[in-house]
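Rule-based calculations on the coordinates, nothing more; no lab input. Since we're looking at a predicted model, the values are computed, not measured. Note that each Cβ is placed from the backbone with ideal geometry, even for glycine, and that neighbours are counted across all protein chains shown.
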Amino acid sequence: MTENPDSKAARPPAWPILVAILAIAAFLGVLLHDRRPPAHFHSIDITGAGYADDFHLTDMDGHPRSIADYRGDVVMVFFGFTQCPSACPTELARSAEVMRRLGPSAPRARMLFITIDPERDTPELLRNYVHAFHPGFVGLHGDAATTAATARRFKAFYQKVPAGDSYTMDHSTLTYLFDPQGRIRLVARPDMDAGAIADDLRTLLDAA
Amino acid sequence: MQARLRLIPILAAFAATTHAQVTVTDAWIRGTVAQQKTTGMFFSITSVKGGKLVAAATPAARELQLHDMSMKGDVMTMRQVSAIDLPAGKTVRLEPNGLHVMMFGVAHPLSAGETVPATLTVEDAAGKRETVQVQARVEALGAPHGTSAGKGAH
């Protein structure tokens, strides 16, 4: 601090000006600080939540994958299965639309489709399926125990439902969004449109 | 309304074996990729006298089942239903986010632009069964579908 008690008689005290400058600086500081992280997301903000933080699965080319492998990119994670008539193709079509809307930023966005039906979703089927929506989408799988543990870690839900001599799956339909540092940040609801998700991903990219 | 009720059976009578009492429009199937054995079939169905859709079959799949998809919070649930009610004169839409036909054991990948024949069985209030032949258009797996059925059938 620049206090000088000797100068008080000679000129008006400098401290009110100093205080004013500090106040303005503090105000601007608060404003700038508030921009990062931004207060507004369309998705549910779960930054710092103690779940949905990571996974250890295998991609369709046989490579072990965790969230660290996608550092530098924003990541969408969805749990589903290829024999799904509704929620999964709707989700993947929406994600493909998100990529279109991201335009030049699209190469910095990833879509990871984690199968909850590893029994039927072979790596080859996963690849064919996700690539029907976008050539950059990735299918991830694990064995039954790993799949169950991953879903628990994400608080995602799934269960087999018998259907004749076959079965279908009930499952949760949230999309988990990671920032480029590989931190879980947001959860997107199934009723959100592609534009809102693209906005959120762009915000995460801009803040990085 | 009277004129319309009369018109529907007349129009339907021209459509090959389509039964006069039931009309089906906008039938489509979500396309599949290699090794994918299951997909969904969707259409709009109207029964003039009312009844229920009780069965469906196609040479393109081993078994068709009637299903109801619903959202409980953020969880998608699927249940097989024994029949789909067709209130008299009311069009019932089978679509991805609701009632639909599940195709199990799809024999070969279904590509966009293909046409798949299917037979629907409708039962009236007296328990009398009728069949309706439909030609379902295959739409690309990656094509976006909201709550509306496939476009371009007309």
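One table, with the values for the structure above:
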| quantity | calculated |
| --- | --- |
| Sequence-distant residues sharing a close amide H with B:THR39 (under 5 Å, placed H) | B:MET103 |
| Flagged links, alpha-carbon separation over 31 Å, of B:LYS72/B:LYS128; A:LYS160/B:LYS52; B:LYS52/B:LYS72 | B:LYS72/B:LYS128 |
| Sequence of A:HIS56, B:HIS108, A:HIS134 once ranked by neighbouring C-beta atoms within 10 Å, starting from the fewest | B:HIS108, A:HIS56, A:HIS134 |
| Cα-centre dipole for the range B:2-139 with unit charges at Cβ (Lys and Arg positive, Asp and Glu negative), debye to 20 | 240 debye |
| The range A:44-207 - Rg over Rh from alpha carbon coordinates, Kirkwood radius | 0.94 |
| Most mobile listed residue (A:LEU177, A:LEU140, A:LEU125) in chain A, GNM with C-alpha springs under 10 Å | A:LEU125 |
